[in-house]
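All remarks here apply to the structure that follows.
Every number here is computed from the coordinates shown, using simple stated rules; none is lab data. The structure presented is a predicted model; accordingly, all values stated were derived computationally and were not measured.
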Amino acid sequence: MTALSTEEQAVVDTVRTFVDREVRPVVRELEHSDTYPEALVERMKELGVFGLAVPEPWGEAPVSMPCYAQVTAELARGWMSLAGAMGGHTVVAKLLVAFGTRAQQDRWLPAMATGEVRATMALTEPGGGSDLQAMRTVARRDGGQWVVDGAKTWITNSRRSQLIALLCRTDPDAQPRHRGVSVLLVEHGPGLTVSKDLPKLGYKGVESCELVFDGFRAPADAVLGGEEGRGFAQMMTGLETGRIQVAARAVGVAQAAFDDALRYAQERESFGRPIWQHQSVGNLLADMATSLTAARQLVLYAAERYETGRRCDLEAGMAKLFASETAMRVALDAIRVHGGHGYSTEFDVERYFRDAPLMIVGEGTNEIQRDVIARQLVARGGLG
């Protein structure tokens with residue numbers, strides 16, 4: 001694996017210090033009360049976290065994908081919701097850099113780099129799930145505007161984001177179907193209703209809502225890149241970033257769970273010795289550490305392939321699949337190590353166990369990831 005530059009390592013170290021000093025001391029209270037972490041998000045803005053994907057001339061401190069993945073993992077180690085607060089934002093920034101018109105880039109990227117403008121993606125629909133081509137949200141031309149009707153659900157940061165990258169049909173009759181799909185860059189306004197926050201098992205603090213578009217009007221130049229019909233391919237490219245980001249979140253949650261389990265196993269005694277010395281507990285720790293290390297390396301492998309400009313849907317899918325399943329197992333094993341304390345809300349391991357499933361179903365379920373991986377293995381003729 002390629003080492004980070006001195007500057008990029010400093011970015012990761014700064015975020016790690018922020019997590020240890022400012023996030024971990026307050027996260028339990030914020031999470032249990034499901035309170036939006038306003039102060040922590042403001043600090044993330046000050047640290048430049050929201051501008052990590054924005055290059056010059058719009059931003060100041062773009063980083064490589066391996067660095068971004070490590071920053072994401074550090075944030076998730078402190079609180080997975082903080083990584084969620086910047087995840088979709090980064091994907092939209094990368095979409096703008098890769099596909100946006102110069103006018104779209106100049107309008108949005110400078111404010112996105114500072115966090116003054118926050119962005120989110122709107123892909124999933126109430127009846128569609130991971131089948132994005134089955135979407136029913138439609139944008140029709142009406143003079144010099146688009147009129148949008150439809151609904152999106154489980155949209156993170158939907159209430160607090162100023163910019164929404166909306167995946168919709170601009171040509172419902174196109175064949176094949178993906179050629180009729182576009183990404184519209186839209187803002188909140190008349191015709192767009194944000195529902196109440198959807199109740200969740202974990203992933204507290206940041207809101208996830210349903211968006212309802214009913215006669216919502218967007219300007220003609222809202223189409224990402226200025227040419228309709230390219231949205232599906234654009235968003236598939238964006239999802240490579242999204243899946244690496246979700247995989248990195250899983251690594252962060254697994255790291256936190258392992259750290260807590262290892263610490264507790266050295267402090268807790270039973271039958272006259274620390275519990276790590278009991279083979280059953282020691283084996284859990286050994287397996288947790290091994291799986292965590294493998295997950296981290298797989299995420300970095302996908303991130304480095306992305307950084308070279310090569311297609312990485314196979315690698316990102318593998319990283320997301322393995323890291324998320326690892327996070328779930330490690331979180332459960334951390335509860336086993338803690339015994340009865342692991343079931344108590346006074347310990348953080350119960351939070352990791354509630355947060356981990358999101359990475360299994362988010363950004364395309366793991367069942368979808370397996371399908372993507374299998375198709376790419378056949379298309380590429382194996383691992384090669």
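Things worth noting here:
- Each pair of Cα atoms in the chain enters the Kirkwood radius, and Stokes-Einstein at 4 °C and 1.567 mPa s then converts it into a translational diffusion coefficient of 61 µm²/s.
- Mean-position separation - Cα centroids, the stretch 161-205 and the stretch 13-87, in angstrom: 24
- Here the contact order of the chain, divided by its residue count and restricted to Cα pairs under 8 Å and six or more residues apart, works out to 16 percent.
- Alpha-carbon gyration tensor eigenvalues x 5, square-rooted, for the stretch 157-315, Å: 45, 22, 11
- Value of relative contact order over the stretch 6-118, rounded to a whole percent, pairs C-alpha under 8 Å and six or more apart: 34
- Taken over the Cα atoms of the stretch 233-380, the convex hull encloses 104 Å³ per residue.
- At least 27 Å along the helix axis (C-alpha) and Kyte average at least 1.0, DSSP helices within the chain: 80-99
- When the P(r) is computed for the stretch 6-118, the part past 16 Å accounts for 57% of the Cα-Cα pairs.
- Reciprocal of mean inverse Cα separation for the stretch 70-132 (Kirkwood radius, Å): 13.2
- Value of [θ]222 nm, deg cm²/dmol, for the chain, DSSP H segments ≥ 4, -39500 (n - 2.57) each, nearest 500: -17000 deg cm²/dmol
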